[in-house]
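To start, the structure itself, in structure tokens.
The values are calculated or read from the model by the stated rules, or taken from the named source; none is laboratory data. No experiment lies behind these values; they were computed from the predicted model shown. All Cβ positions, glycine included, derive from the backbone under ideal geometry; neighbour counts span all protein chains shown. Surface areas here come from the heavy atoms of the whole protein model, side chains and all, with no ligands, DNA or RNA. Shrake-Rupley method; radii C 1.70, N 1.55, O 1.52, S 1.80 Å.
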Amino acid sequence: MRLIMTVLCLICSLTIWAKSPVAPEVSLDDTLTPSAIIRLTKADVSIKGEAPGSSRVLLRVTTSRGQSSQISLPVRDGRFECLYPRQFPKAPKLGADVLFIDATSANSYDASDKQAEAMLIVTRPGSTPPDLPTAFTNDLQDRKGNVDQRSTEWPNMRALMNLYMRSRAAKICGVGRSDFDLAKPADLSWFKTNLALYEFQYRDRNWSTPLNHRVARNFWQSVWDTWFNASNDHPLDGDPKNTSSDNYMPYAFSNDFADMLIMYLMRPGMNNLLDDNLPQMQQEGVLNLLAMQHKSADNFALLDHRGLQEHYTAGAFRYGVFTDGSYLTEGKGWFYNPASLDYAVGGCLNGRGMWGMGEALLRFPKGAVAEKLKAAIPLTVKFCLKDGLLGGYTKRTSKGHLYWRDAGEHAYLVVGMLAACQVAPNLPVETANGKMSLQAACVDALNAFVDLEKPYHQWEVYPNTDSMAIAALADGCLLMPKHPDAKAWRKSATEVADAWMKAKVSPANFKGEVIHFGLRRTPETMTYIWGEVDSSSWQAHNFIFFYQTGHWTHALARLYQLTGDDRYRIRAEQMVTYLCGMNPWGVRLFNELGGVYNWVEDRDKDGIEDNLKFDMYPESTAFSQIGIMHLMKAIAH
């Protein structure tokens, strides 16, 4: 996961830093208690909170479809309560939906410290889960090809984008504007270049022919356009002194692209889909991901600045693609910086590439795309579980089971293999242990986790590594419950999860409730101080990383579906509820755009998170949404 941490470190130096009072004057925590995920069996949902010293509050509720209604409510003994939609004039009937709630003790919504924000994810027994917001990654194009103001998605996009830009969270992050309106040409342009992950530059091109190695329209960049600059990109004219913003071409890392694609592939079956051209986006995204996979036996890696060359052959994923369809290579883009070595020693691309392909085969089990995937999946299995031995990327356990790089990277690979196995269990593949079915390769890969588990129930100190390994083992148990090794998989997954959940955080360092997961440096303890060893490190205070929160939500949701143990569901819902507003700022960290911030931190080292910045990112967004979708599925199950 070095790519993640390096990108995070760089974003730290580039984004807007802002500090906020710990809490707003109004609180919506009671609305979020015990969970932001509501199983609604009645016609209304209760909205309640506290506003000490105020006589009235303004309450506004906006649906994920952009429909907004509000009321003024009396405050009695510092508290207020009402029912939505019953008490809100012209509010739509409530079904499975996502609600964005704003409450203020001021006379209007001005994003001041008098305002609190919350999100409720409303489900109904027997109904499909609600679709999660997507404005952050939306293409502003409908199935008929209409774009921007003419698209069917425009009213929803405009309402939610305006809501975000006028929110207290946006104000804290330093980008909020009370006069923002997506309908203004200048504001639409700002959105496309300063916030959106979707790549709009070539959206309206005639896609009857490919654009270099980019074969289809749908494309998500790894960060918004204006992020790319001299510190993280290759100058197009070759002149490092030319730091003009138009001298840097945006790109997508293949792993980030796969993450976003998975998030979109999981959305069918949701209630009131927000993107009516979703099938087109999915299919085009799959084709672009497949175009990043190397198909021939030659080595595509170049000599790097160290004079070393990796060994990446058929089945390995390219590091990424620039928006013009040219490949991201050593010495270009992110790797223009000699310190960026994320591609080295197995990189962090192939496991998530496989995960994307596996989820794609689940969505497209038949037809031309399925045939392409069935040809591509064995190539990556062979590279990661056989050919990678040559470069030292593939390893064996003491019992001879094969694994890719480390437990975390192997977990991504296995989750993808298991997804594909649901459709094509007998797909022929080859590993260093011989030719076999995909299902047999999955069994061998799952057993590797059991071999690698340490006596104190841990694989690594990193929470993202162990959470995804737990998810992979739970997937294996759910897919093959009668397999003789399933008991060992279940035992490993639950024992590791339980050990992480029992880990204690020093109250001297962290004052809040222990909900999220940090570094587990000893079997019994956990810390959010990532730079704990080096007091001069920029990480020498508490950090909560939300891509890890997403992974743990995913893992615990799968364990809950496997075991029915409420402990896993409750911890997962606590993490989601924090993202939805029960946090020190009282704002939506999983926001109305569908984006999730990279991290929050405790810069003044008083034990409470105090710093939130404008850095929504593909991994935090995709992994959190993926985890929430798994959790809704597990709850419904």
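Exactly one condition in (1) out of contact with any Leu (no Cβ under 9 Å at 6 or more places or on another chain); (2) surrounded by 15 or more Cβ atoms within 10 Å (Cβ to Cβ); (3) under 21 Å from residue 261 (Cβ atoms) is not met by residue 212; state its number.
Every listed condition holds for residue 212 apart from (2).
Quick one: which of 552, 585 is within 14 Å of residue 471 (Cβ to Cβ) and either free of Cβ contacts under 8 Å to residues at least 60 places away in the same chain or in contact with a helix residue (DSSP H, G or I) (Cβ under 7 Å, 6 or more places away or on another chain) (or both)? Give the derivation first.
On the way: 585 fails: within 14 Å of residue 471 (Cβ to Cβ).
Going through 552, 585 in turn, the sole match is 552.
Which of the residues spanning the stretch 158-169 are without any contact (Cβ under 8 Å) to a residue 60 or more places away in the chain and not basic (Lys, Arg)? Reasoning before the result, please.
Residues of the stretch 158-169 that are without any contact (Cβ under 8 Å) to a residue 60 or more places away in the chain, as a first pass: 162, 165-166.
Within the stretch 158-169, 162, 165 qualify.
Restricting attention to the stretch 436-443, does a residue exist that is among the hydroxyl-bearing types (Ser, Thr, Tyr) and over 27 Å from the mean Cα position of the chain (by Cα)?
At the first step, the residues of the stretch 436-443 found to be among the hydroxyl-bearing types (Ser, Thr, Tyr) are 437.
Then keep just the ones that are over 27 Å from the mean Cα position of the chain (by Cα); that gives 437.
There is at least one residue in the stretch 436-443 that is among the hydroxyl-bearing types (Ser, Thr, Tyr) and over 27 Å from the mean Cα position of the chain (by Cα).
Would the stretch 506-526 turn up any residue that is touching a residue at least 40 places away in the same chain (Cβ under 8 Å), touching a strand residue (DSSP E or B) at 6+ places or on another chain (Cβ under 7 Å), small (Gly, Ala, Ser) and not in a helix (DSSP H, G or I)?
So far as the stretch 506-526 goes, yes, one or more of its residues are touching a residue at least 40 places away in the same chain (Cβ under 8 Å), touching a strand residue (DSSP E or B) at 6+ places or on another chain (Cβ under 7 Å), small (Gly, Ala, Ser) and not in a helix (DSSP H, G or I).
Is one or more of the residues making up the stretch 152-161 of a type in the set (Gly, Ala, Ser) and in a loop (DSSP other than H, G, I, E, B)?
Among the residues of the stretch 152-161, not one is of a type in the set (Gly, Ala, Ser) and in a loop (DSSP other than H, G, I, E, B), which makes the answer no.
I need the full set of residues from the stretch 31-70 which are without any contact (Cβ under 8 Å) to a residue 24 or more places away in the chain and either polar (S, T, N, Q) or crowded, with 16+ Cβ neighbours inside 10 Å (or both), in order please. Can you show your working first?
Going residue by residue through the stretch 31-70, those that are without any contact (Cβ under 8 Å) to a residue 24 or more places away in the chain are 42, 55, 69-70.
Those that are without any contact (Cβ under 8 Å) to a residue 24 or more places away in the chain and either polar (S, T, N, Q) or crowded, with 16+ Cβ neighbours inside 10 Å (or both): 55, 69, 70.
Suppose we filter 186, 196, 216 for residues that are more than 27 Å from residue 273 (Cβ to Cβ) and modelled with pLDDT of 95 or more; which single one remains?
Numbers: 196 fails: more than 27 Å from residue 273 (Cβ to Cβ); 216 fails: more than 27 Å from residue 273 (Cβ to Cβ).
The conditions single out 186.
Within the stretch 90-111, which residues are open to solvent by less than 50 Å² (accessible area, probe 1.4 Å), closer than 13 Å to residue 54 by Cβ and outside any strand (DSSP E or B)?
Within the stretch 90-111, 105, 106 meet the criteria.
Which one of 243, 226 is more than 21 Å from residue 619 (Cα to Cα), open to solvent by 10 Å² or more (accessible area, probe 1.4 Å) and β-branched (Val, Ile, Thr)? Please lay out each step first, then the result.
Values: 226 fails: more than 21 Å from residue 619 (Cα to Cα).
Answer to the selection: 243.
Could you list, in sequence order, all residues of the stretch 312-329 that are over 16 Å from residue 347 (Cα atoms), among the polar types (S, T, N, Q) and crowded, with 18+ Cβ neighbours inside 10 Å? Reasoning before the result, please.
From the stretch 312-329, those over 16 Å from residue 347 (Cα atoms) are 322-326; that's our starting set.
Cutting the leftovers down to among the polar types (S, T, N, Q) gives us 323, 326.
Residue satisfying the conditions is 323 alone.
So residue 40 clears everything in (1) within 30 Å of residue 91 (Cβ to Cβ); (2) under 22 Å from the mean Cα position of the chain (by Cα); (3) modelled with pLDDT under 95 except one condition, right? Which one?
Every listed condition holds for residue 40 apart from (2).
List the pairs whose first member sits in the stretch 448-465 and is on the phi > 0 side of the Ramachandran plot, whose second member is surrounded by fewer than 21 Cβ atoms within 10 Å (Cβ to Cβ), and whose Cβ atoms are under 7 Å apart, counting only residues at least 6 apart or on separate chains?
Here the result reads 457/495; 457/499, each pair linking the stretch 448-465 to a residue that is surrounded by fewer than 21 Cβ atoms within 10 Å (Cβ to Cβ).
Every residue in the stretch 285-302 that is open to solvent by 40 Å² or more (accessible area, probe 1.4 Å) and either closer than 20 Å to residue 216 by Cβ or among the polar types (S, T, N, Q) (or both), please.
Initially, the stretch 285-302 is screened for residues open to solvent by 40 Å² or more (accessible area, probe 1.4 Å), giving 287, 295-299, 302.
Passing the criteria: 287, 295, 296, 299.
Which of the numbered conditions does residue 81 fail, given that it passes all the others? Conditions: (1) surrounded by fewer than 18 Cβ atoms within 10 Å (Cβ to Cβ); (2) in a loop (DSSP other than H, G, I, E, B).
Single failed check for residue 81: (2).
For the stretch 128-145, give me each residue that is in a loop (DSSP other than H, G, I, E, B), open to solvent by less than 50 Å² (accessible area, probe 1.4 Å) and touching a residue at least 24 places away in the same chain (Cβ under 8 Å). Walk me through how you get there before you give the answer.
Residues of the stretch 128-145 in a loop (DSSP other than H, G, I, E, B): 128-129, 131-140, 142-145.
The next check asks that each one be open to solvent by less than 50 Å² (accessible area, probe 1.4 Å); those that pass are 129, 131-140, 142, 145.
Of everything in the stretch 128-145, those that are in a loop (DSSP other than H, G, I, E, B), open to solvent by less than 50 Å² (accessible area, probe 1.4 Å) and touching a residue at least 24 places away in the same chain (Cβ under 8 Å) turn out to be 129, 131, 132, 133, 134, 135, 136, 137, 138, 139, 140, 142.
Test of understanding: among 549, 577, 527, 553, which residue is β-branched (Val, Ile, Thr) and either open to solvent by 20 Å² or more (accessible area, probe 1.4 Å) or more than 24 Å from residue 30 (Cβ to Cβ) (or both)? If you could, list the steps in order and put the result at the bottom.
Values: 549 fails: either open to solvent by 20 Å² or more (accessible area, probe 1.4 Å) or more than 24 Å from residue 30 (Cβ to Cβ) (or both); 577 fails: either open to solvent by 20 Å² or more (accessible area, probe 1.4 Å) or more than 24 Å from residue 30 (Cβ to Cβ) (or both); 553 fails: either open to solvent by 20 Å² or more (accessible area, probe 1.4 Å) or more than 24 Å from residue 30 (Cβ to Cβ) (or both).
Exactly one of 549, 577, 527, 553 is β-branched (Val, Ile, Thr) and either open to solvent by 20 Å² or more (accessible area, probe 1.4 Å) or more than 24 Å from residue 30 (Cβ to Cβ) (or both), namely 527.
In the set 265, 273, 289, which member is modelled with pLDDT under 95 and either under 16 Å from residue 199 (Cα atoms) or under 21 Å from the mean Cα position of the chain (by Cα) (or both)?
Every option except 273 fails the conditions.
So which of 212, 218 ends up being of a type in the set (S, T, N, Q), over 29 Å from residue 131 (Cα atoms) and touching a residue at least 12 places away in the same chain (Cβ under 8 Å)?
Details: 218 fails: over 29 Å from residue 131 (Cα atoms).
Going through 212, 218 in turn, the sole match is 212.
Somewhere in the stretch 166-175, is a residue over 22 Å from residue 61 (Cα atoms) and not hydrophobic (A, V, I, L, M, F, W, C)?
yes
Which one of these does residue 179 not meet: (1) within 18 Å of residue 597 (Cβ to Cβ); (2) surrounded by fewer than 22 Cβ atoms within 10 Å (Cβ to Cβ)?
It is condition (1) that residue 179 fails.
Against the conditions (1) modelled with pLDDT under 95; (2) open to solvent by 30 Å² or more (accessible area, probe 1.4 Å); (3) on the phi < 0 side of the Ramachandran plot; (4) among the hydrophobic types (A, V, I, L, M, F, W, C), where does residue 379 fall short? Just the number, please.
The one condition residue 379 does not meet is (1).
Does residue 73 satisfy the criteria of being open to solvent by less than 20 Å² (accessible area, probe 1.4 Å), among the aliphatic types (A, V, I, L, M) and assigned to a loop (DSSP other than H, G, I, E, B)? Break it down into steps so the answer makes sense when it comes.
Values: open to solvent by less than 20 Å² (accessible area, probe 1.4 Å): yes; among the aliphatic types (A, V, I, L, M): yes; assigned to a loop (DSSP other than H, G, I, E, B): no.
No, not satisfied.
Inside the stretch 467-490, can you point out the residues that are in a helix (DSSP H, G or I), touching a residue at least 24 places away in the same chain (Cβ under 8 Å) and either surrounded by fewer than 20 Cβ atoms within 10 Å (Cβ to Cβ) or touching an Asp or Glu at 6+ places or on another chain (Cβ under 8 Å) (or both)?
478, 479, 488, 490
Any residue in the stretch 193-211 that is more than 25 Å from the chain's Cα centre (by Cα), among the small types (Gly, Ala, Ser) and assigned to a loop (DSSP other than H, G, I, E, B)?
Kept after step one, since they are more than 25 Å from the chain's Cα centre (by Cα), are these residues of the stretch 193-211: 204-211.
Adding the requirement that they be among the small types (Gly, Ala, Ser) leaves 208.
The next check asks that each one be assigned to a loop (DSSP other than H, G, I, E, B); those that pass are 208.
Within the stretch 193-211, one or more residues are more than 25 Å from the chain's Cα centre (by Cα), among the small types (Gly, Ala, Ser) and assigned to a loop (DSSP other than H, G, I, E, B).
Tell me, which strands (runs of 3 or more DSSP E) lie completely within the stretch 394-459 with 2 or more residues that are over 20 Å from residue 376 (Cα atoms) and open to solvent by 40 Å² or more (accessible area, probe 1.4 Å)? Before the answer, list the steps.
Working: elements: 394-396, 402-404, 428-431, 434-437.
Qualifying strands (runs of 3 or more DSSP E): 394-396.
Considering only the stretch 85-115, state which residues are within 17 Å of residue 156 (Cα to Cα) and among the acidic types (Asp, Glu).
Residue satisfying the conditions is 97 alone.
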